[in-house]
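In what follows, a structure is listed as structure tokens, so that the remarks can point back to it.
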Amino acid sequence: MSIKIALLKSGESVIADIKELISDEKICGYLFKNPYIVDLAPNEEVLLLEEGQTPPEDRNVEVNFTPWISLTSDKEIPVRYDWLVTVVTPVKEIENLYEEMINGQDDQSDSTDEQSNSDQSD
């Protein structure tokens with residue numbers, strides 16, 4: 001898996017398992033598997049610092065994951081190459097949160113599939 005964050009021309013930051021789509025030895029697009037918009041959650045806490053002070057290291061930052069193109073059930077979405085501004089590697093904490101979320105969804109869909117299959121055999 002190659003978990004990356006793509007900054008799109010629209011300004012969205014999309015985290016996904018991103019693979020290049022190649023035709024005639026040229027990149028023609030990208031395939032986003034399990035894409036989610038990732039952004040910082042609004043922080044209610046206000047921290048005032050004087051010049052030269054640094055914020056405390058134990059300060060937490062929260063992120064939100066929102067399904068990208070939420071009106072589809074598609075798990076893999078092709079994206080034209082010219083819609084990406086850049087692709088970067090997420091910090092480890094964000095990558096771990098994303099993987100936990102995706103793995104949790106896979107577990108739920110597996111149990112749902114097993115339930116529907118047992119319902120059909122009855």
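When region 16-28 is examined, which residues are found to be among the small types (Gly, Ala, Ser) and at pLDDT 95 or above? Of everything in region 16-28, just one residue is among the small types (Gly, Ala, Ser) and at pLDDT 95 or above, namely ALA16.
Within region 1-29, can you find the residues that are within 14 Å of TYR81 (Cβ to Cβ) and outside any strand (DSSP E or B)? Within region 1-29, LYS9, ASP24, GLU25 meet the criteria. Look at region 28-52: where a residue is open to solvent by less than 40 Å² (accessible area, probe 1.4 Å) and a partner is modelled with pLDDT under 90 and part of a loop (DSSP other than H, G, I, E, B), sitting 6+ places away or on another chain with Cβ atoms under 7 Å, you get ALA41/GLU62. Report yes if ILE102 is at pLDDT 95 or above and under 17 Å from the mean Cα position of the chain (by Cα), otherwise no. No, not satisfied. Of all residues in region 1-27, those being among the small types (Gly, Ala, Ser), under 11 Å from the mean Cα position of the chain (by Cα) and open to solvent by 20 Å² or more (accessible area, probe 1.4 Å) number 1. Whether any residue in region 30-41 is within 15 Å of PRO90 (Cα to Cα), at pLDDT 95 or above and part of a loop (DSSP other than H, G, I, E, B) is what I want to check. No, that holds for no residue. Restricting to region 75-100, give me the number of residues that are farther than 18 Å from SER10 by Cβ and without any contact (Cβ under 8 Å) to a residue 60 or more places away in the chain. Number satisfying all stated conditions: 8.
The values are calculated or read from the model by the stated rules, or taken from the named source; none is laboratory data. Quick caveat: nothing in here was measured; it's all calculated off a predicted structure. All Cβ positions, even for glycine, are placed from backbone atoms using ideal geometry, and neighbour counts span all protein chains on display. These area figures cover heavy atoms from the full protein model, side chains too; ligands, DNA and RNA do not enter into them. Shrake-Rupley method; radii C 1.70, N 1.55, O 1.52, S 1.80 Å.
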